[in-house]
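This report refers to the structure that appears directly beneath it.
Any read-out appearing in this document is the output of simple, stated calculations on the displayed coordinates, not a laboratory observation. These numbers come from a predicted model, not from an experiment. Positions of Cβ are backbone-derived with ideal geometry, glycine not excepted, and every protein chain shown enters the neighbour counts.
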Amino acid sequence: MCGIVGYVGSRRVVPVILEGLRKLEYRGYDSAGIVYYQDSKLIKYRCEGKLSALEALIDDAIIAPSHIGLGHTRWATHGAPTTENAHPHTDCTGELVLVHNGIIENYHSLRLELQAKGHVFKSQTDTEVLVHLIEDYLENDLVAAVQQALTRVEGSYAFGLFWAQMPDTLIAVRKHSPLVLGVDESGAGYIASDIPALLPYTNQVIFLEDGEMAVIKENDMQVFDSVSGNRVQKEATTITWNAAMAEKAGYKHFMLKEIFEQPMAIRNTISGRINPETGEVTLAEINLSDEDFCNIDRIFLVACGTSWHTALVAKYWIEKYAKIPVDVDIASEFRYRNLLINDRVLTISISQSGETADTLAGIRLAKQLGSKVITICNVVGSTMTREADGTVYTHAGPEIGVASTKAFTSQLAAFFLFTIFLGEKRGTLETEKKLELAAALIDIARVIEELLPVLQEQIAQLIEGYYDCSDFLFVGRGVNFPIALEGALKLKEISYIHAEGYAAGELKHGPIALIDNKMPVLAIAPQDDLYQKTISNVEEIKARQGRIILIGTEGDKHLNTITDAIIYLPKVHDEMNPILYTIPAQLLSYEIATMRGCDVDQPRNLAKSVTVE
Ligand code: AGP
């Protein structure tokens, strides 16, 4: 995600844009930039790092006598967080300038086409392709040029555009990335990626819909269908949130917002990487050759915490579909054991931050021992992505809550992509199976999106009887066993309840001694190939008066014979259950923690990124 702000009106533009960007820093903070019009030319400032670095760069330009401009805080997806890659980006003339949020999926082919026409690119971003494409169509009608350019673009975008030859006009376009407009009583017009940027100046917001374009002048805001060009009538909505609430888009906590952002995060992670017709997967930044993938005879996965749970799930998938042995290690153990690693081993680290010290030390050691290294990571340009041979980025956007949610399910989606990719490279996946797996992955975001509102309400009621428990067990089998571990980790790290995750079949080897009529046990019991075994384990818990919560498949009436506390989930492909069954576990921990009055976003003793040993 990135933060976009635009303004045209009677105020001095630089302070308005900077204030708006401050409200959007949670959306992206690895680089920032601003552009405004003054003395018949565009003035542009950009820099790497946080917004404060841009403010220092701007210095006394803060009082520039300009009344129109655009600003941007970046969350890098294509191209490291450098000044050259920071927005705004300009065309060859330097008179057309644009800030963008989203992913231009076909940017590479468009870039080659435009370069062949003589366009000169200065960054590695997908965004810069957009402004050169508009330039390529631009004669004297900017709106028409934007419309023509959009017919060539695939992917998601929200962008603000400005042309020095139309110095009183901003253009805003939206498709699959958020963009809102604002108007105030002075007649000023605003653009923003999110409501918080507008609230210091106005609570009158116009929501741009996908496929709409706004042409904004002082005292004149018009919205059009970006394809037909037909005028669209829009009404302003009065926002009642305060600014602090609005940064969370009205959610009480970032964690809840990020739980609800998971459909978008998963879609953005797979966007442009999987062909629904063929099941073929392309991973542009993986940087290893087909030969590399065929030469390996073992894979080591290394990670910490929630990311280690991703690795545990990935082991099941890779061994099943790519037919290659996988070792999974907690990074702090990996780096100190006697590793049998050589150049026929592929080491993959999983990390939301890309800065976790133990994981970083693990991949450095693996490289020293001759292994190729790939990282699954959410932060472009983070240390791990710079030291690995190749990267598979998750595109979950900034994850602010310390408890990882959307990054986890995005990691699972990314690893499932990698599994299909590896199966293709090693010839272990039949086309039919590949298509089946691809379809399952493509559809899971929709399933979660439809499920979330209903599930949150159900779980908020369910926890009445559990939020004051002192202990909690989570159990699951097979590819869902790691989800039991993840559910337990979520609960303990934000509610401080002692929670353990176990393989359901392991209970009888000791942990079942813990079961009594006070002990809640959440069992993950989808109707998959281990269902009967799981139900047998649950019956053993029931026989000892355990307090059972079941998460199972819609329509499974047998569950009612075991407990009244049942969360039913839609039937999806068995391999998608780890992603789907994580959602209720996340919501359960969130609702219990908030009921207990815990600091959900910043739990005691924890940090978002553990950059120390
Ligand atoms: C997860 O909710 C925790 N915040 C923690 O376990 C985290 O997953 C772990 O520290 C690894 O972080 P990373 O993914 O950034 O490497």
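Here the spin labels are modelled as points 7 Å beyond Cα on the Cα-Cβ line, and at R364 and D599 they lie 3.0 nm apart.
Note on E154 and K320: the model spin-label points, each 7 Å out from Cα along the C-beta direction, lie 2.9 nm apart. Averaging 1/r over each pair of different alpha-carbon atoms in the range 147-300 and inverting the result gives 18.5 Å, the Kirkwood hydrodynamic radius. Over the Cα atoms of the range 330-443, the radius of gyration divided by the Kirkwood radius equals 1.00; this is the Rg/Rh ratio.
Take the Cβ atoms of E457 and E333, set R0 to 45 Å, and the FRET efficiency comes out at 0.65. Taking 7 Å steps out from each Cα toward its Cβ at D141 and Q115 produces label points 3.2 nm apart. Comparing Cα centroids, the range 474-498 and the range 421-455 end up 24 angstrom apart. Sorting C377, C294 by the number of Cβ atoms found within 10 Å of their own Cβ, with the fewest placed first, yields C294, C377.
For T375, the amide hydrogen comes within under 5 Å of the amide hydrogens of S349, G390, T391, V392, counting only partners 5 or more places away or on other chains and with H modelled in the peptide plane.
For the chain, which DSSP H helices look membrane-span-like by this rule: Cα extent along the axis of 20 Å or more and mean Kyte-Doolittle of at least -0.5? Passing helices, by number: 305-321, 406-425, 431-462, 481-495, 577-595. As a calculated quantity, the FRET efficiency between H573 and E235 at R0 = 41 Å, using C-beta atoms, amounts to about 0.45.
From most to least packed by mean Cβ count within 10 Å, the peptides 331-338, 5-12, 132-139 give 5-12, 132-139, 331-338. Note that the range 476-591 shows a convex hull volume over its alpha carbon atoms of 94 Å³ per residue. The chain gives an Rg/Rh value of 0.99, both radii derived from C-alpha positions and Rh following Kirkwood. Both radii were evaluated on the Cα set of the range 1-154; the Rg over Rh quotient, with Rh as the Kirkwood radius, amounts to 0.96.
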